[in-house]
Amino acid sequence: MKNFFAFCLLLSVLAACKKEVKDLPPATQTGANTFGAKVDGALWVPQGFGSIPASNILESQLFSNGNLRIRARNFSSSPNETEFDMLVAGITGPGVYMLNNNVSYPSLLASFGYYVKRKLTPEDEWLTSATTTGSVTITRFDPANRIVSGTFEFNAASIYTPSKILAVTEGRFDLTIP
């Protein structure tokens with residue numbers, strides 16, 4: 001019985017371990033369902049908690065007006081979690097799309113980049129605007145095969161302390177669109 005208890009304890013500890021990210025996902029254009037970036041220089045990828053992946057850690061949706069919404073979540077440090085939410089408005093094909101609109105989060109009308117750090121409730125939230133901007137470069141836009149790929153980077157100001165700026169660099173995604 002002691003061995004069984006020790007085995008269960010070991011399993012629960014291993015399941016709670018944070019998976020270390022050593023590199024960003026490769027920059028592909030095949031619909032590999034990958035997403036990653038550097039957030040203030042630290043590697044960030046979507047992750048579930050421990051060995052139990054969350055089914056909704058990476059979501060994409062293409063609306064009929066060409067608006068693309070991407071949501072990516074990292075639950076690996078539960079109860080702390082982080083999340084990206086981006087809307088790229090009016091995609092017509094490969095090209096550069098700016099994240100430079102003043103919007104209230106969330107918005108489905110104009111392009112934005114958003115990042116949140118929370119522990120049950122938000123500890124801080126960052127949002128792009130006309131003064132803290134960025135861009136998304138669509139490298140493959142293939143609605144027939146339901147694939148969109150690209151890169152992104154942006155600076156975003158804290159909603160709570162506007163002088164606190166978050167830098168997101170080397171972002172990349174390769175998604176299938178349901």
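The values are calculated or read from the model by the stated rules, or taken from the named source; none is laboratory data. Model, not experiment: these values are computed from the prediction. Using ideal geometry, Cβ is built from the backbone for each residue, glycine included, and neighbour counts are taken over all protein chains shown. Accessible surface is based on the protein model in full, side chains and every heavy atom, while ligands, DNA and RNA are left aside. Shrake-Rupley method; radii C 1.70, N 1.55, O 1.52, S 1.80 Å.
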Seminar exercise, completed: Note to self: C-alpha centroids of segment 112-129 and segment 21-82 sit apart, in Å, by 15 Å
Problem set entry | Nonlocal amide H pairs with SER107, under 5 Å, H built at 1.01 Å | none
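Give me the accessible area per residue for the chain, probe 1.4 Å, as a whole number in Å².
Values: 9520 Å² over 178 residues.
So the chain comes to 53 Å² accessible per residue, rounded to a whole number.
Order PHE154, PHE141, most accessible first, counting only protein heavy atoms with a 1.4 angstrom probe. Before the final figure, lay out the partial values.
Working: PHE154 5, PHE141 45 Å².
Heavy-atom accessible area, descending, gives PHE141, PHE154.
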Problem set entry | Electrostatic dipole magnitude of segment 98-178 [Cβ: Lys, Arg +1; Asp, Glu -1; Cα centre; debye, to 20] | 120 debye
Exercise. How big is segment 57-121 on each of its three principal axes, counting only the C-alpha atoms and giving the largest first in Å?
Worked result: 39, 23, 19
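So what is the calculated 222 nm ellipticity per residue for the chain, using -39500 (n - 2.57) for each DSSP H run with n of 4 or more, over all residues, to the nearest 500 deg cm²/dmol? Don't jump to the answer; show the numbers that get you there.
Values: 1 runs with 15 residues, N = 178.
About -3000 deg cm²/dmol.
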For this session: Could you list which residues have their amide H under 5 Å from that of ASN67, counting only those 5 or more apart in sequence or on another chain, with H placed in the peptide plane?
Result: GLY90, ILE91
Exercise. What aspartates and glutamates could a cross-link reach from LYS117, if we take a straight Cα to Cα line under 15 Å and drop same-chain neighbours fewer than 8 places away?
Worked result: ASP40, GLU81, GLU83, ASP85, GLU125
Exercise. In degrees, nearest 10, range 0 to 90: what is the angle between the Cα axis of helix 2-16 and the longest Cα principal axis of the chain?
Worked result: 10 degrees
